[in-house]
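Since the structure comes first, as structure tokens, the remarks are kept for the end.
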Amino acid sequence: MTDAPLDRREFHSSLAKGAGMFGLAAMTSSVARSEEPKADDAETKNAAESLSPAELIVRLTQQNFSDEHMTEDFLTALRSYIERNLEYSATLDAFGLTNGDSPGPMMVMSNDRG
Amino acid sequence: MSVAPEMAFASIVTLGKELRAGTFTSVELTEFFLHRLETIGKEYNAVVTVTADLAREQAKLADRELAEGTDRGPLHGIPYGAKDLLNTVGYPTTWGADSHREQQIDNDALTVIKLRQAGAVLTAKLAMVAFAGGFGYSGPDSSFTGPCLNPWSKGHWAGGSSTGPGTAVGAGLCPFAIGTETSGSIISPAASCGVAGLRPTFGRVSRTGAMTLSWTLDKIGPLCHTAEDCGLVLNAIAGFDADDPSTISEDYHYPPAKTLEPPFRLAKIAGAVDHVLPEVKENFLASLDILKSVAVGGDIPEVSLPEFPYDAVVNTILHAESSAALQEVVLEQSIWELPDPRMHLGAYSTMFVSARDYINALRIRAKFQRALDDLFAEYDALITPTFAMTSYPSDRPFRDYTAGKGLVHLNLRQPTNGAGLPAISIPNGFGEHNLPTGLQFIGSRYEENRLLTIAEYYQSQTEWHLRTPELA
């Protein structure tokens with residue numbers, strides 16, 4: 001993500017391209033910073049801020065992968081699954097990693113230069 | 001010449017001796033097992049595709065080579081089955097999913113190639129939980145082939161996700177099978193079906209040509225009648241592969257040049273029998289009594305794993321990697337063709353795991369890998385019951401069966417799979433409904449041969465692996 005201002009279309013496009021769960025909040029505030037406040041923007045912002053992180057991700061999922069199978073019951077169950085994933089996220093955050101903690105080998109160099 | 005019925009449950013070693021003694025040919029042995037796969041295999045929902053034409057061709061070649069004096073080793077002429085996520089040219093590779101029933105992939109998995117080079121005969125593509133259970137699943141009915149039934153009790157499940165390999169070996173449909181494990185999928189069916197299942201160290205066996213569920217967790221390994229057979233199969237399929245960067249350059253040899261001699265440095269995991277079925281506890285304690293005689297000082301001390309958020313780490317890694325590896329299933333919406341609603345929820349709930357969480361999970365995993373390396377360096381094997389219970393009924397969700405029973409599986413599958421450590425499960429008795437219980441040995445990275453030696457010692461002192469089910 002860059003610091004470039006987003007208009008409303010870009011905002012929704014970004015959502016549709018699958019922004020990460022924590023990127024969502026950042027994007028929302030970026031939009032708020034970058035444009036003159038308008039009534040419906042304020043409503044969008046307020047609506048987003050009133051939703052829990054799990055609910056935001058449910059909405060994001062629904063927006064990206066909308067399907068007739070996504071009934072209210074499905075979305076309710078989905079929320080509980082996402083809440084569990086967010087608990088994992090909180091657990092990882094609480095671990096106390098420091099800057100020097102590497103994820104281990106992320107890329108393997110090959111001798112093959114094609 | 002004909003193949004005696006008891007050969008259905010014979011080890012690779014025994015079959016190899018009989019084959020070379022001329023008791024039967026590979027063609028005869030192959031026909032014997034093809035018949036069992038076509039009849040019993042389909043009745044138990046263990047088989048996706050019987051590869052009869054290929055098997056007959058490979059068996060004829062095996063016989064011809066032996067007659068000409070070419071012996072490719074212990075697997076020469078021995079039939080086997082492969083979990084249906086290993087690519088096989090000319091046959092569908094379904095990944096256990098209805099949506100992929102017609103999938104044809106035009107290259108063989110490296111494991112299939114290596115087994116062909118070792119002279120083994122591929123007789124069947126075997127059933128599995130859809131997508132190797134990567135989206136989660138709520139019960140045994142999780143594959144388009146239906147719930148894979150347990151050889152010891154047709155009303156029970158085979159264990160997953162390598163369901164078909166478990167039942168196929170346990171029911172004597174093939175002398176060995178190839179399964180895969182991301183988080184429990186070899187060990188579980190091995191214990192449930194009363195066979196030996198070896199999960200090799202991560203990187204020991206190339207995954208080229210196998211369905212990817214998780215690049216940093218997937219392993220390929222054998223299910224057999226004995227620990228010794230597991231070593232023979234691993235010897236054939238292990239090795240470096242430039243196409244799979246996870247593979248290690250270190251060679252693997254079985255039998256090992258230098259055998260581990262007792263006394264063994266053994267330990268049991270603290271709390272191993274605190275919340276398990278009474279028969280699981282009884283069988284585990286009896287197993288310890290046998291193993292104490294070869295343990296250092298005649299003692300098997302209790303140890304605890306270091307404290308880490310294993311579940312959060314391994315599940316986050318699995319969610320992030322599987323949602324990318326299998327994204328087509330969601331993007332093309334074939335996920336909805338899967339019968340289990342748990343799979344739909346599992347798939348969609350992991351589509352937005354954050355990059356930061358994934359990287360942090362990898363960072364914490366690097367820490368617990370080191371901590372577990374330190375712990376395991378002190379022992380040849382840590383021992384636990386493989387599961388707290390025997391297998392589940394085949395006709396209802398898992399939760400309906402376990403609710404209120406107070407059973408707690410020691411959660412070793414996450415730390416040991418997360419750290420890429422090898423493990424073997426072998427049968428150590430029976431419990432409810434005459435279903436097998438399992439004994440698990442977990443070891444240091446690259447130390448499969450230590451585990452095999454200890455498991456072989458246990459099997460030399462017991463006869464659980466020689467029991468055969470009365471198939472309904």
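The values are calculated or read from the model by the stated rules, or taken from the named source; none is laboratory data. Computed from a predicted model, the values in this text were never measured in an experiment. Cβ sites come from the backbone with ideal geometry, for glycine too, and all protein chains shown count toward neighbours. Accessible surface is based on the protein model in full, side chains and every heavy atom, while ligands, DNA and RNA are left aside. Shrake-Rupley method; radii C 1.70, N 1.55, O 1.52, S 1.80 Å.
Couple of notes before you dig in:
- Its relative contact order, with pairs defined as Cα atoms under 8 Å and 6+ residues apart, puts chain B at 18 percent.
- Alpha-carbon centroid distance for the pair region B:289-321 / region B:129-202, whole angstrom: 22
- Dipole magnitude of region B:5-466 about its Cα centre (Cβ charges: Lys, Arg +1; Asp, Glu -1), debye to nearest 20: 440
- Diffusion coefficient, µm² s⁻¹, Stokes-Einstein with Kirkwood Rh over alpha-carbon pairs of region B:1-92 at 25 °C and 0.890 mPa s: 177
- Within straight-line reach of B:K258, meaning a Cα separation under 29 Å, sit the following lysines at least 8 residues removed in sequence or on another chain: B:K17, B:K114, B:K219, B:K268, B:K292.
- Rounded if a/c under 1.5, otherwise prolate or oblate - region B:422-471, Cα gyration tensor axes: prolate
- Given their separation in residues at 0.36 nm each and the Cα-Cα distance between them, B:T212 and B:R20 gain 65.3 nm when the chain is fully extended.
- Where both bridge residues fall in the protein assembly as shown, DSSP classifies roughly 70% of the beta bridges as antiparallel.
- Percent carbon-and-sulfur accessible area, region A:51-97, ignoring ligands, DNA and RNA, probe 1.4 Å: 49
- Using a 1.4 Å probe over protein heavy atoms, the accessible area lost on pairing B with A, summed over both chains, comes to approximately 3000 Å².
- Förster radius 56 Å - calculated FRET efficiency between B:H433 and A:A90, Cβ distance, rounded to 0.05: 0.85
- Lys/Arg +1, Asp/Glu -1 at C-beta; chain B dipole; positive extreme among B:T123, B:T145, B:V294: B:V294
- A simple rule links phi to the HN-Hα coupling: the Karplus curve 6.51 cos²θ - 1.76 cosθ + 1.60 with θ = phi - 60°, which for region B:338-355 gives 6, x, 9, x, 4, 5, 4, 5, x, 5, 6, 6, 10, 6, 10, 5, 6, 4 Hz, with x for Gly and Pro.
- Theoretical FRET efficiency, 1/(1+(r/R0)^6), r = Cβ-Cβ of B:V294 and B:R64, R0 45 Å, to 0.05: 0.55
- Region B:1-35-region B:364-398 distance, computed between alpha-carbon centres (Å): 35
- What the pair-distance distribution of the protein assembly as shown shows, using all Cα-Cα distances binned every 10 Å from zero, is 3, 17, 27, 26, 16, 7, 3, 1, 0 percent.
- Cα gyration tensor, region B:115-163 - rounded (a/c under 1.5), prolate or oblate: oblate
- Prolate/oblate/rounded label for region B:5-466 (Cα gyration tensor, a/c 1.5): rounded
- Cα centre as origin, Lys/Arg/Asp/Glu Cβ charges: region B:334-472 dipole, Debye: 600
- What you get for region A:51-97, charging only the Cβ of Lys and Arg (+1) and of Asp and Glu (-1), is a dipole of about 160 debye around the Cα centre.
- Along region B:261-272 the Karplus relation, 6.51 cos²θ - 1.76 cosθ + 1.60 evaluated at θ = phi - 60°, assigns HN-Hα couplings of 9, x, x, 9, 8, 10, 9, 10, 7, 4, x, 4 Hz to successive residues, with x for each Gly and Pro.
- Per residue, the solvent-accessible area of the protein assembly as shown (1.4 Å probe, heavy atoms of protein chains only, all protein chains present) comes to 41 Å².
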